[in-house]
Amino acid sequence: MGSVLAGFGFSLALIVAIGAQNAFVLRQGLRREHVGAVVAVCAAADAALMGAGIAGLGAVLTDAPAVVTAARWGGAVFLCGYALLAACRVLRPTALTPTDRPPATLRATLLTCLAFTFLNPHVYLDTVVLLGTVAHHDPNRWAFGAGAATASLLWFTGLGVGARRLAPLLARPTAWRFVDAAIAAVMVVVAVSLVTG
């Protein structure tokens, strides 16, 4: 049980900071668009990547610096593109009125979610490399991983479902302007940290 709790706490420490993936889940939760599917993809992807790290993939990646460099630059370009879209929404904000227009298709939403998950090098660094390395120092590494995956599932569920409570506050375009400005800023900060870190 100690290993499960250690993994749970370590995982929360890694994923609670608002990053690109969290900002996307929050936005989907606020818009009430395919929240369950987005949460499921994020949690399943985290569990799979954590498992790969615990199984030893993290050590392989740290020995391939060219792959890590390419992933950093590719992720930075993707995040800057999404930041640009959010910045455009700041210039033309809309209210949170889900009935005014149809939601994005499930396919488009899941493709965007997968991009935020697998094109973001921070995800690999946190789950595969860092968490995988720490898990190897725990006497029950798979129990550690189970705790970490549980924390991920609970976090994304809370973020996606809990965001609905903010919907009444975001019924005005001005409020969305602040949300999208914050999302754009987060994307740029993460992109810069990728290429400089």
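The values are calculated or read from the model by the stated rules, or taken from the named source; none is laboratory data. Note that the coordinates shown come from a computational prediction; the quantities given were computed from them, not determined experimentally. Note: areas computed on protein heavy atoms with side chains; ligands, DNA, RNA excluded. Shrake-Rupley method; radii C 1.70, N 1.55, O 1.52, S 1.80 Å.
Worth a mention:
- Accessible surface of residue 153 - all protein chains present, 1.4 Å probe, nearest 10 Å²: 80
- Accessible-area rank, largest first, for 155, 142: 142, 155, with all protein chains present and a 1.4 angstrom probe.
- Exposure ranking of 118, 8, 144, 178 by accessible area [1.4 Å probe, largest first]: 178, 118, 8, 144
- Carbon plus sulfur fraction of accessible area for the chain, probe 1.4 Å, in percent: 72
- In the context of the full set of protein chains, residues of the range 151-197 present 53 Å² of accessible surface per residue (probe radius 1.4 Å, heavy atoms only).
- C-alpha long axis of helix 35-55 to longest principal axis of the chain, angle in °: 20
- With Cα atoms, 0 to 90° folded angle of helix 106-118 axis to the chain main axis: 40
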